[in-house]
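Beneath this line is the structure, given in structure tokens, with notes to follow.
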Amino acid sequence: MGLDYLSLIRERISHRSFVNAPLLPDYRESLEIFIQNLPENPFNIPVRLKLIDREDKHKVKLGTYGVIKGARTFIVGLVESGGDDNAMEAYGYSFEEIIIFAQSLGLGTCWIGGTFARSNFANVARIKNGEILPCITPVGITQKKLSFLERILRTAARSSKRKPWSKLFYLNNFDTPLQPEQAGDFSEALNMVQIAPSASNNQPWRIVYDPSQSCFHFYLHTLNGYVGNKLGFKIQRIDIGIAMYHFEAAAAQLGFNGKWEIKDPEIFIPHYHDGILSYMITWVLSDRTREPTMTVD
Ligand SMILES: Cc1cc2nc3c(=O)[nH]c(=O)nc-3n(C[C@H](O)[C@H](O)[C@H](O)COP(=O)(O)O)c2cc1C
């Protein structure tokens, strides 16, 4: 029953205005079934997703500080994290999975990691000891027209804009920007990373393609403002998980199956004035159901 990930990823944008009506039972049921059967993420770190409604019996305010309009239902994502682990990447991967599934139902969503009453949502979702609640998303039928606030927010976050390939993707080392022709059939998988959502649209993913090993090394460009741990979790590591999901789903649809490995290739990392670059994970091609259109030596 495979979903058309390439189209769904391309269609997804953040929605912040919703039709103020309860989620129809069919949608709710589809989401609940998807949540119950959520596949494992590459880290095998369980991510707990929960649908909650504004009229929840717990009579607490499920607020988003005016950012989200009209939404009645939210998906809350919780994960256990010991701090120095891959919980945030696992979280980004699994949460994006439900975002894309919601898209397949024609429902709008918006990753929210900052502007929401975190402790109220945590109470309603019955947060467990050791769990954290990094993000929520509203889920529902969207208003056709973008609201004024929505337009301002989209402009502020440069939402429809993405960094060019030359700032994101490299060939063998960080001195050589990767050209789409050099990526061959993988270029579409990289396009899906390029258009992924990220906190404040910072797009902190950098990828080095090593054609000799058929692998893609993922790096995180941590901006100076994100080096600390103000939120209690590293929000930019969530962005890496999202990029991983987009890459893997797109590659699979293009006929490339791979596996994830954490094995630092020790590529020379240049110095950046606005942040630091660190190695995260590598996707290695394991088998393909069709030949790439072009190989690079
Ligand atoms: C981890 C994460 C946290 C986010 N937090 C917020 C938020 O608190 N408020 C908000 O309005 N948008 C938030 N966003 C949405 C981004 O601003 C949005 O994805 C980005 O601007 C790209 O726009 P697009 O999703 O329409 O492609 C978040 C996105 C991610 C991935």
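Taking region 109-123 as the search range and keeping residues that are within 6 Å of the ligand (Cβ to nearest atom) and more than 21 Å from I141 (Cβ to Cβ), which one is surrounded by the most Cβ atoms within 10 Å (Cβ to Cβ)? Among those residues, the one meeting the criterion is G113. Residues in region 195-234 that are surrounded by fewer than 19 Cβ atoms within 10 Å (Cβ to Cβ) and within 16 Å of the ligand (Cβ to nearest atom): I195, S200, N201, L223, G225, N229, K230, L231, G232.
Of L133, L62, all but one fail to be more than 14 Å from the chain's Cα centre (by Cα), of a type in the set (A, V, I, L, M, F, W, C) and outside any strand (DSSP E or B); the exception is L62.
Tallying residues that are within 16 Å of the ligand (Cβ to nearest atom), assigned to a helix (DSSP H, G or I), within 19 Å of the chain's Cα centre (by Cα) and not basic (K, R) within region 154-185 yields 1.
It is to be established whether one or more residues within region 239-257 are under 23 Å from L171 (Cβ atoms) and in a strand (DSSP E or B). The answer is yes, given that some residue of region 239-257 is under 23 Å from L171 (Cβ atoms) and in a strand (DSSP E or B).
For region 63-93, residues that are within 13 Å of the ligand (Cβ to nearest atom) and polar (S, T, N, Q) total 1. Within region 13-48, the set of residues being at pLDDT below 95, farther than 14 Å from A71 by Cβ and out of contact with any Asp or Glu (no Cβ under 8 Å at 6 or more places or on another chain) comprises I13, E40.
Is it true that L31 is aliphatic (A, V, I, L, M), more than 16 Å from the ligand (Cβ to nearest atom) and part of a loop (DSSP other than H, G, I, E, B)? In short, no. D4 falls short on exactly one of the conditions (1) away from the ligand (no atom under 16 Å from the Cβ); (2) more than 27 Å from I195 (Cβ to Cβ), and that condition is (2).
The values are calculated or read from the model by the stated rules, or taken from the named source; none is laboratory data. Computed from a prediction, not measured in an experiment: that's the story for all the values here. Counting neighbours? That spans all protein chains shown, and the Cβs are built from the backbone with ideal geometry, glycine included.
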